[in-house]
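Comments concern the structure below.
The values are calculated or read from the model by the stated rules, or taken from the named source; none is laboratory data. Since the structure is predicted, the reported quantities are computational estimates derived from the model, not experimental observations. Cβ atoms come from the backbone with ideal geometry, glycine included; neighbour counts cover every protein chain shown.
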Amino acid sequence: MNQASTSQQLLDLSVSVVIPCRNEEQYIRACVESVVGNDYPKDLLHVLVCDGQSDDRTREIVAELSQKHAPVKLVDNPYRTTPYALNLGIREVNSDVAIILGGHAELAPDYLRECVLQLKAHPEVGCIGGIIDNVAENTTAAIVSKAMASSFGVGNAHFRTGGKEGYVDTVAFGAYRREVFEKVGYFDEDLTRNQDDEFNYRVLKGGFKIWLSSKIRSKYYVRASFKKLFRQYFQYGYWKVFVNRKHQAVTSIRQLVPLGFVLFVLMGGLLAWLHPLLSFGFGSVLALYLILALLSAFRLTSNPSTALGVAFTFFILHLGYGLGYLQGIVRFLLLRQQPTKSSARLTR
């Protein structure tokens, strides 16, 4: 018996793919079709598109796809936010494995198979994930995608940067065993952002491991404007502090780096006026940051204008996250308040 037929025999677990979305008419068809196009037994597959009351053609497209493909089902999400959508979809079908997916993403044809095979190969693992390949639709998106694939831009987020196979602290579009939800619960419905990151923190605290495999690949269509990118990362930083307050812990060290950068810029900029040595030190550190940003950018591209754009994107990522984190500290830790209503709105 060859390896392919042996692998096929191991594909006996039911799989739910949960896709939270709202107003994704441009991407949802390709996303869903990438799932049903996977080489996984269709009688074991459920594709649950949890729609947050879209007012574009998203629901119409999903309804059409559900008529064409038996595994596809439209699920209403009256609460509109991502964690509610995820929980609705996971509870809709009691599958052996639940995979969460974004509406801007597409799966490789063997994604589901590789997830199941990797879960069987690693019984100690509660969640499996893979590498995201960024897709750019215009010049700005191409620059952003390069920056988000760099360790200088996103730290040790290996699912973005690649280059590692093994245990990690978080993944995107993870495949979870059913027993994970039975032990650690579901996604935190208080969190508009960082719900998957926070859930993965609880997965590890619950005694499970998370495995990143380079064999598991997906595509993600990145944001095509610096303004949207800044707002996205501002929210990431802001909500991260809310997560920290809930758990009474800093969930990862890398989240503190952008905060340190922003505090240095704010405090250093003020102190630099007091003495020439302070001004020189402040300018020297900023120059070092710029040099490192440019060196990292030129590792990604030899085009000078593109490299400048990538370096600028690094600054947007770090500034947005750091400012959001700083605002979160003030609101959640110092003032002990809850998130504002405006912060609960998604930025896409």
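Quick notes
- Residue-level check: of (1) surrounded by 12 or more Cβ atoms within 10 Å (Cβ to Cβ); (2) among the aliphatic types (A, V, I, L, M); (3) part of a helix (DSSP H, G or I), Val250 misses just (3).
- Leu290 being surrounded by 14 or more Cβ atoms within 10 Å (Cβ to Cβ) and either modelled with pLDDT of 90 or more or farther than 13 Å from Gly320 by Cα (or both): no
- So Arg245, is it surrounded by fewer than 18 Cβ atoms within 10 Å (Cβ to Cβ), part of a helix (DSSP H, G or I) and charged (D, E, K, R): yes
- The requirement of being without any contact (Cβ under 8 Å) to a residue 60 or more places away in the chain and more than 28 Å from Phe298 (Cβ to Cβ) is fulfilled nowhere in the range 210-230; no residue meets it.
- Some residue of the range 180-193 being closer than 22 Å to Gly320 by Cβ and either in contact with a Pro (Cβ under 7 Å, 6 or more places away or on another chain) or not in a loop (DSSP other than H, G, I, E, B) (or both): yes
- Identity of the residue in the range 152-181, of a type in the set (Gly, Ala, Ser) and in contact (Cβ under 8 Å) with a residue 12 or more places away in the chain, that ends up nearest to Leu112 (Cα to Cα): Ala175
- Residues of the range 120-138 that turn out to be without any contact (Cβ under 8 Å) to a residue 60 or more places away in the chain and assigned to a helix (DSSP H, G or I), as a count: 1
- Matching entry among Arg113, Arg59 (being closer than 25 Å to Glu182 by Cα and either aromatic (Phe, Trp, Tyr) or part of a helix (DSSP H, G or I) (or both)): Arg113
- The lone exception for Tyr40 - which of (1) in a helix (DSSP H, G or I); (2) of a type in the set (Phe, Trp, Tyr); (3) closer than 15 Å to Ala175 by Cβ it fails: (1)
- Every test in (1) modelled with pLDDT under 90; (2) within 20 Å of Gly155 (Cβ to Cβ) is passed by Ala272 save one, and that test is (2).
- Filter pass, Gly269 being surrounded by 15 or more Cβ atoms within 10 Å (Cβ to Cβ) and not assigned by TED's automatic domain parsing to the domain that holds Ser150: no
- Number of the condition not met by Ala157 [criteria: (1) within 30 Å of Gln26 (Cβ to Cβ); (2) in contact with a helix residue (DSSP H, G or I) (Cβ under 7 Å, 6 or more places away or on another chain)]: (2)
- Residue, surrounded by the fewest Cβ atoms within 10 Å (Cβ to Cβ), within the range 48-81, restricted to residues that are among the hydroxyl-bearing types (Ser, Thr, Tyr) and under 15 Å from Ile28 (Cβ atoms): Ser66
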